[in-house]
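Below you'll find the structure, written out as structure tokens, and then a few comments.
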Amino acid sequence: MTPSEDDWASLLAAAQGAREQAYAPYSRYRVGAAVLDEAGRVHAGCNVENAAYPEGLCAEAGAIAQLVMAGGRRIVAAVVVGEGAEPITPCGGCRQKLREFADGGLPVRSADVLGWRGEHTLGELLPASFGPAHLTPRGDDYAD
Ligand code: THU
């Protein structure tokens with residue numbers, strides 16, 4: 001499913017709105033994310049930091065959890081919103097989390113409060129990635 005311009009507009013609004021809810025008292029770097037599922041539904045999340053720093057959650061993780069909770073199993077478009085000198089891109093861990101529900105063709109757009117800042121495919125962000133198919137057993141010659 002190719003996202004329409006209306007889908008992108010909905011994703012941008014959802015991710016910008018999610019960013020408003022961010023809990024980021026330590027980094028002060030507020031992030032919102034939104035993902036479009038195979039049924040055309042939008043799911044959003046924000047980063048949620050923690051006094052025990054490594055326990056913080058990225059915005060993408062929240063959005064993906066919402067997608068799964070709603071019964072979604074594929075991500076067909078993703079948007080991440082942050083505010084800074086460099087356009088935001090998903091962190092390494094979030095690239096892998098997106099990969100679970102999408103292949104390398106997934107379009108991932110970056111934005112800030114004013115609008116679009118960039119676009120990559122997941123394949124560009126995470127080349128030669130490890131995914132669910134790697135866990136599929138081979139034929140008779142497979143031995144572990
Ligand atoms: N962050 C995200 O939420 N998503 C990303 O892809 C990049 C980083 C958050 C984590 C942390 O709360 C803050 O941004 C600074 O790293």
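Of all residues in the range 63-105, those that are in a strand (DSSP E or B) and either within 11 Å of the ligand (Cβ to nearest atom) or polar (S, T, N, Q) (or both) total 3. In the range 114-131, of all residues being closer than 13 Å to residue 102 by Cα and of a type in the set (A, V, I, L, M, F, W, C), the one that is nearest to the chain's Cα centre (by Cα) corresponds to 122. Each residue in the range 47-62 was checked for being part of a loop (DSSP other than H, G, I, E, B), among the small types (Gly, Ala, Ser) and within 11 Å of the ligand (Cβ to nearest atom), and 1 of them qualify.
Results for (1) surrounded by fewer than 14 Cβ atoms within 10 Å (Cβ to Cβ); (2) farther than 23 Å from residue 129 by Cα; (3) touching a Lys or Arg at 6+ places or on another chain (Cβ under 7 Å); (4) without any contact (Cβ under 8 Å) to a residue 24 or more places away in the chain, shown as yes or no for each residue.
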site	(1), (2), (3), (4)
12	no, yes, no, no
25	yes, yes, no, no
32	no, yes, yes, no
63	no, no, no, no
67	no, no, no, no
77	no, no, no, no
86	yes, yes, no, yes
98	no, no, no, no
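Is it the case, given these coordinates, that residue 3 is surrounded by fewer than 22 Cβ atoms within 10 Å (Cβ to Cβ) and more than 19 Å from residue 102 (Cβ to Cβ)? Criteria not met by residue 3.
State whether one or more residues within the range 39-46 are of a type outside the set (Gly, Ala, Ser), under 21 Å from residue 114 (Cβ atoms) and either near the ligand (Cβ under 8 Å from one of its atoms) or in a strand (DSSP E or B) (or both). Checked the range 39-46: at least one residue is of a type outside the set (Gly, Ala, Ser), under 21 Å from residue 114 (Cβ atoms) and either near the ligand (Cβ under 8 Å from one of its atoms) or in a strand (DSSP E or B) (or both). Working only within the range 1-38, note down all residues that are of a type outside the set (A, V, I, L, M), within 14 Å of the ligand (Cβ to nearest atom) and touching a helix residue (DSSP H, G or I) at 6+ places or on another chain (Cβ under 6 Å). Within the range 1-38, 30, 32 meet the criteria. Selection over the range 104-120 of residues that are over 21 Å from residue 32 (Cβ atoms) and surrounded by 15 or more Cβ atoms within 10 Å (Cβ to Cβ) gives a count of 1.
Coordinate-derived values only; no laboratory data. Just so we're clear, the structure is a prediction, and the values are computed from it rather than from any experiment. As a convention, Cβ positions derive from the backbone with ideal geometry for all residues, glycine included, and neighbour counts pool all protein chains shown.
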